[in-house]
Amino acid sequence: MTNNAAKPGPVAAILLVLACCSAAWADVIWIGSSTGRGFRQEVDIVAIEADQLVYLVNGNRGSTPLARIQQIEAAGDAAFNQAEVAFNSGDWTTAADNYLTSARRANAKEWIRRRAAERLITTAVRAGRFDQSVTGFVQLTLLSPEAAIGREPSLPEQVDPMHLERAVAELEGALEQGVSPAQARPMLALLLNVQNRRGDGPAAGRVVE
């Protein structure tokens, strides 16, 4: 018995494969302005520009203020996605640990690293990890000095001395990379505050110099 069903031509077959791949690898965002995750939309995220998340929807460019992006699911990035879920559930320790991984990963997309760095500053403070919040600030400053303005973590009244030492190592390591003046200034200011809290006068003096 002969099967007379029409088979797709080569062009149609390629388009079908591309459509399936696009559906399989689309990013997902949830947009809202209150509690909960809000409206779900499948997109292809392009970048973060200023305070906007920029993406494509069916090939058309769109953008939404980051303040309204409740959650992101990035295609193929388990650590980042776990951080986003943990952030929404208020699990600050898990969120900070996973954002730390994404913010530092050199091969991650730049928008993922920036989102992770920005949220790491917040989640790490809430998790009682001043050292991790400094890492978030450093990574954000390296990616976008403009976005880092006013985002430097404040020293808590009670802080683990080990966290201060790690913060110093993070800041000094970044400064030794040969950063621009716009990147160096906020990191030096934070380093001075940390050294003063540590009570290390000579180290604070070297920062001033």
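Just reorder S63, S154, S133 by solvent-accessible area, largest first, 1.4 Å probe, all chains present.
So, going from the largest accessible area down, we get S154, S63, S133.
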* Structure fact -> Dividing the helical contributions, -39500 (n - 2.57) per DSSP H run of n ≥ 4, by the residues of the chain yields a 222 nm value, nearest 500 deg cm²/dmol, of -17500 deg cm²/dmol
* To do: With r as the distance between the Cβ atoms of A203 and N88 and R0 = 45 Å, compute the FRET efficiency 1/(1 + (r/R0)^6) and round to 0.05.
  => 0.70
* How long is the gain from A78 to S33 if the chain were fully straight, where each residue apart is worth 0.36 nm and the alpha carbon distance is subtracted? -> 13.7 nm
* Cα pair count fraction exceeding 26 Å, expressed as % - the chain -> 43 percent
* Asked: Once label points are set 7 Å from the Cα along Cα→Cβ at both E176 and L56, what is their separation, rounded to one decimal in nm?
  -> 4.2 nm
* **Hydrodynamic radius of the stretch 57-149 per Kirkwood, over alpha carbon pairs, in Å** => 13.2 Å
* Asked: How much length is gained on full extension from R185 to E165, taking 0.36 nm per residue of separation minus their Cα-Cα distance?
  -> 5.2 nm
* Note down the relative contact order for the chain as a percent, whole number, built from C-alpha pairs under 8 angstrom at least six residues apart. => 11 percent
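The values are calculated or read from the model by the stated rules, or taken from the named source; none is laboratory data. Predicted, not measured: the structure shown is a model, and the values here were computed from it. Please note: Cβ atoms are built from the backbone with ideal geometry, for glycine as well, and neighbour counts cover all protein chains shown. Surface accessibility is based on the protein's heavy atoms, side chains included, excluding ligands, DNA and RNA. Shrake-Rupley method; radii C 1.70, N 1.55, O 1.52, S 1.80 Å.
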